[in-house]
Structure formats: C-alpha cells, structure tokens
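See below for the structure under consideration.
The values are calculated or read from the model by the stated rules, or taken from the named source; none is laboratory data. Since the structure is predicted, the reported quantities are computational estimates derived from the model, not experimental observations. Cβ placement follows ideal geometry from the backbone for every residue including glycine, while neighbour counts extend to all protein chains displayed. Just so you know, the surface numbers come from the protein's heavy atoms only, side chains and all, with ligands and any DNA or RNA stripped out. Shrake-Rupley method; radii C 1.70, N 1.55, O 1.52, S 1.80 Å.
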Amino acid sequence: MFQSRAVEISSQHRRALFVSLLAIVLLAILLQVPGNPKRLGLEYWLRLPLEVPFAVLVLLYFRGRAFVAVRLIFIALIVALLLLRMGDMMSRIAFGRAFSPLAEWHLIGQGWTLTAKTIGKFEAFAWLGAGLLVLILLSVLLYRCFGAFSQLSASTRLRTGIISAIVLAVTGTMWYVQENSKRDFHVEFVSVDEVASRVKYIKKTVKDQLKFSAHLKSDEVADSKPQFGALRGHDVIVLFVESYGRSFIDHKRFAEQAAARLDAVEQEVTAAGIGVKSGWIKSPIRGGRSWLAHGTLASGLPLYNHARFDRLITSQRKSLHGLFKDAGWTTAVVLPVVSKKWVEGAWYQVDQFFDRDALDYQGHDFGYVTMPDQYMLTAFEKLVREPAEKPLFAHIGLLDSHAPWGPLPEHLPWDEVGDGSVFDGTRRYGERHSWAYPVPVRKAYGVAVEQNLKLIGEYIARHAQDALFIVVGDHQPASIIAGWAPSSEVPMHVFSTNTKLLDRLPEAIFTSGMRPLKNSDSLLMEDVREMLATHFDELDIYAQK
C-alpha cells in the first residue's frame, strides 16, 4: 500500500515537473510573439526573454492565495501584451508604425466596420468569437500550467529555483555586456523594453497634444478673412480619391496602367475645353484613416493621429468650408460612407451634409462601399449643385477605390444611372479578396483606382461648367499594394475652363497636364488651405502672372 502511494506521488511530481517545463516553454514563446512583421524571422524567435527565469522564481516563491493572485496577474499581463502586439502588427502593416491606444482608440471601431462590411457581420462575429475563444483557452492553459509550480516537491522547487537564479544571473550579465558593446548574445528584456517604449510614446503623445493645442489658437489665414476674389462666381469642388497615392503612378507594378489612364483623362477634358494642372501633395497619413486627410486639408494643420482630430473638432478653428461660407459660398459635404450621426460635422459648419441615406440610393451596396461613385456624383449634381442659388463650395469623398477593392461596380452610361436601382446586385464584377493572397488584391486595387480616374474624367468633362475642380488622393495605399512607400505623397489635379485660375497655382509644384513631374517640389496637405486663401485672392501677386 505504501509502495503504491509512493509510486502515485512520484507520478504526480513527474507530471507537475513536465507541466512546469511546458509552462516555461509556452511563456518563452508568448513573450516572443512579434508586433512587427519585420520580426517574424527565425533569428528573432531564437532569442531568450530574460523575463522567463524571473517569472519562474516568482512562481516558485509565492504560495497559497498570493500564488493564485500572481498567476492571474501574469496571465492578464500576457493577454494584454498579446492584444497590443496584434494591434501593432495590423497597424504596422496598414500604416507602417505601432498602434497607440491613447491616440488611436478610434481605429478599433473603424476596423470593425470595415471588416463587417467587407466579409459580412456574421463572418466578422465568427472571427471575433474565434479570437476570444483562443484567448480564453490560452488563459485557461496558462493558469493550469502555472499551477503546476505549486505541486513540485520541495527538493525539485529548490533545484529549479537555483537553476533559474543562475540562468538569470548569467543571461543578465550577457545582456549588460550586449547593451554596452556591439556583441549580440540573443538575450533581451522583451516586456520591460516594450513597456518603456510605450510609456515614452505616451509622453510624446501628451507633449504633442499640448503643442497642437497651442497651434489651434493661432490662425493667420482666418484672421485675414480671405474673400477668394479670383474664384468669385465659380463653384469650387474638392474630390478626395481613396487610396490614390504616388505609388499608383510611380511603382513599376502600376506605372504603365496609370500613365495610359492619366493621358486618356487629359485628352478627354482637353477636348471638352478644360485645362488641368497636377502636382504632389504630402499627406499626413499612409494606408488609411482618410478622415485625417480630409481634416488636414480643411483645417490647415497636420492631423497624423486621431487625438489631434478629436482636439480639432472641439476647437473654434475655422474650416476651409467656413472660410468659403463667410466669403459668400454655399457649402456642402458629401460622404456616402457615413451611415451614422456625423459628429464632426459640427466643426465643419457647412450648410448641407449628405450621407448615405440623404443621397437616396436605391441599389445594392458593394460591401464597405455603400454606393457606386457614379451614382453619388449623379446625385450630387441633382441634389446639391443644380438647386444651389449661390456659388458652391463642396467637399466629396469618393469610395470606389476604398479597400478591399472588390467587388467593383460596372461603369454604365451616365443617363442609365437614375436612382441607382440599376445596381441591383448584377452590375458588378470582381469578388472579395483575402489579403493572405496579395497578387489578386494588388490587381483589384489597380483596376479600382484606374476606374475611378476614368469616372472622374468623364464627370468633369460633362459637368465642368465654370467650376474649379480639385481632385486629390487622401493617402498612399496599404503596404500590401506596393510595399512601404518612400514618401506619403499623393497626386493633386486641378481642373478649370478658366486657364487664368490654373496659372495662379505655384509653378514649382504644379505643372500642366495630368502627370505631376517626378522631381518637382511638393506641397504639404495642410498648406492647401492657405494656398487657396492667398493665391486665389483677387489682389495677390499671382494675379499678375
């Protein structure tokens, strides 16, 4: 009987030792889960996190309720770390930098909306549920594995503690030498360095907010009360083209396709008696967050995170729309992507706002794209431009080239668009694409942007009248399309039947035609507001050119 009991105890100890070793391996792996796609290589996984021997010592030291508390704290920290790194990974892939919860919490909601619209709510909930289930199962596994440390025999605990202390001392020394020399011993304080980096970034964000608040108090453009005299009697229409960045024009993957389309647009508008000049504009963002580009152009201040945007829309700074309104224009914003209350509209202070519902689209949506741009532009002419009794300043957000670039609406004769019911689910091509397979996604992106440029050319040729059209990209596409672009530049095209208006554009930046010069200067997007307020003032020096 005693021998059987001894065998049973020995078996329990062996099992506890095995599970404890499993816990150590699992902890080492989880601490190494990267938040940066550049750290997915084998070399990174072969590094030793110094937190592992430290965590083992802590788990061996505590007993009873304190031990349970330590287990729960460790698990909570690990799960939080994994969630932050998942956010970092997605943010780096899309925007080229780490995720900042303090400044960009808004991205969580935007990401959910895009996912739900793209793959469907049921599928999105399924993926979310699967993710939560994995985290729960992982937490339970960690709790059980960590619990094995309390079941080790006294002698095993002592030996394990001694070995862990020696490993910590040796690797700690290696880390110290590594930090003070060029030698790499493949050891690091993973979580400690990460926490320090995040704290540093939070401090930087707070400092940036204080600096931005100071900038909000000074606005020389608004103080000058611009009258836009050279534009008197002209509609001014700003068209933001989604994901239309310099990559589409310059990258070898799209260069030939882009050149052919830009030349075709130029020929079409020229035949209609419309001039065009083009240049490069530096967007404050890349890969997404279009509203920051819209707000940058409207405010004259760079908005490269959502914290700045939140501060802006609670300020008294005058938007470009407000400046035109004060100068006598009717102002309107058309954003078919908006399906809920447009909270930031209070800051824009426009006369009219048209969201998805206000545009009265009677067809089927295209996932995240609520309606084809061809319908939206047709509705804009009918609902906004034609009834306007005064010159119009309008800001329009196009959607056809928004990620994930499929399915796409068919291009129809303009007279057949009507109330949009013709887009009944059959007038579409392409399909939803998994970003796990980049090639079809890249092809769909090129097709979407090219189609949008074709649409814009046709629209302006049909409806130019005496308006000044400003067509500008909001940001470079996500890195999956053409890698991480060397710049954040986007094209801007300015159209008008009045070539004297185009002559007022800065010559160092804007050149005739649809193709910006490759080596020309670029203009910051936040400086477009000032350019319109000064270069198009009736008495400014550019009027003499």
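Find the eigenvalues of the gyration tensor of the Cα atoms of the range 134-186, then list the square roots of 5 times those eigenvalues as equivalent ellipsoid semi-axes, largest first, in whole angstrom.
31, 20, 5
Largest first, please: the extent of the C-alpha atoms of the chain along each principal axis, to the nearest Å.
102, 51, 42
For the range 374-448, what are Rg and Dmax over the alpha carbons, in angstrom?
When restricted to the Cα atoms of the range 374-448, Rg and Dmax are 15.5, 51 Å.
Kindly provide the Kirkwood hydrodynamic radius of the range 448-545 in Å, to one decimal, from all pairs of distinct alpha carbon atoms.
15.2 Å
By its C-alpha gyration tensor, with a ≥ b ≥ c as the square roots of the eigenvalues, how is the range 345-478 shaped: rounded for a/c under 1.5, else prolate for a/b larger than b/c, else oblate?
Verdict is prolate for the range 345-478.
Please work out how much length the chain gains when fully extended from residue 225 to residue 310, using 0.36 nm per residue of separation minus the C-alpha to C-alpha distance, in nm with one decimal.
28.1 nm
Using protein chains only and a probe of 1.4 angstrom, how many square angstrom of residue 361 are accessible, to the nearest 10?
30 Å²
Among DSSP bridges having both ends in the chain, what percentage is antiparallel? Round to the nearest 5.
Approximately 40 percent, going by the DSSP bridge assignments.
Taking amide H positions as placed 1.01 Å from N in the peptide plane, with prolines and chain starts having none, which residues 5 or more places from residue 242, or on another chain, fall under 5 Å of its amide H?
398, 401
Does the range 248-403 classify as rounded, prolate or oblate by the C-alpha gyration tensor (a ≥ b ≥ c root eigenvalues; a/c under 1.5 gives rounded; else a/b over b/c gives prolate, otherwise oblate)?
Because its axes are fairly even, with a/c under 1.5, the range 248-403 counts as rounded.
May I ask you to rank 85, 47, 14 by accessible area, largest first, using a 1.4 Å probe over the protein chains only?
14, 47, 85
Compute the length gained on full extension between residue 340 and residue 184: take 0.36 nm times their separation in residues and subtract their Cα-Cα distance, giving the result in nm to one decimal.
The span from residue 340 to residue 184 would gain 50.9 nm if fully extended.
How much of the calculated P(r) for the range 344-398 lies past 12 Å, in percent of all Cα pairs?
Every Cα pair in the range 344-398 considered, those over 12 Å come to 69 percent.
Using each residue's phi in the range 401-417, evaluate 6.51 cos²θ - 1.76 cosθ + 1.60 at θ = phi - 60° and report the 3J(HN,Hα) Karplus result to the nearest Hz, with x for Gly and Pro.
9, 7, 4, x, 6, x, x, 10, x, 5, 8, 10, x, 4, 6, 9, 5
Of 61, 429, which has the most accessible area and how do the rest follow, probe 1.4 Å?
Largest to smallest exposure gives the sequence 61, 429.
Please list, in chain and number order, the residues 5+ apart from residue 523 or on another chain whose amide H is under 5 Å from its amide H, with Hs placed from the backbone.
Excluding prolines and chain starts, which carry no amide H, the hits are 280, 281, 282.
Could I have the simple spin-label model distance between residue 39 and residue 196, label points 7 Å from Cα toward Cβ, reported in nm to one decimal?
Label at residue 39, label at residue 196, 1.4 nm between them.
Helix 438-463 versus the longest principal axis of the chain: what is the Cα-based angle in degrees, 0 to 90, to the nearest 10?
Helix 438-463 sits at roughly 20 degrees to that axis.
For the range 176-310, report the translational diffusion coefficient in µm²/s to the nearest whole number, using Stokes-Einstein at 10 °C, 1.306 mPa s, and a Kirkwood Rh over Cα pairs.
Estimated diffusion coefficient is 79 µm²/s.
With +1 assigned to the C-beta of every Lys and Arg and -1 to the C-beta of every Asp and Glu, and no other charges, what is the dipole magnitude of the chain about the Cα centre in debye, to the nearest 20?
Its charge dipole is roughly 3200 debye.
Would you give the gap between the C-alpha center of the range 357-405 and the C-alpha center of the range 236-255, rounded to a whole Å?
So the separation of the two Cα centres works out to 19 Å.
Do any of 443/518; 207/282; 217/277; 204/252 go past 28 Å between their Cα atoms, and which?
Flagged as over cut-off: 217/277; 204/252.
Can you tell me the 0 to 90 degree angle between the C-alpha axis of helix 2-32 and the longest principal axis of the chain, rounded to 10?
Its long axis makes an angle of about 30 degrees.
Determine the order of 187, 206 by accessible area, beginning with the largest, at a probe radius of 1.4 Å.
The residues order as 206, 187, largest area first.
By how many nm would the segment from residue 270 to residue 538 grow when fully extended, if each residue of separation counts as 0.36 nm and the alpha-carbon distance is taken off?
93.9 nm
Tally Lys/Arg at +1 and Asp/Glu at -1 over every other residue whose Cβ is under 12 Å from the Cβ of residue 254; what's the total?
+3
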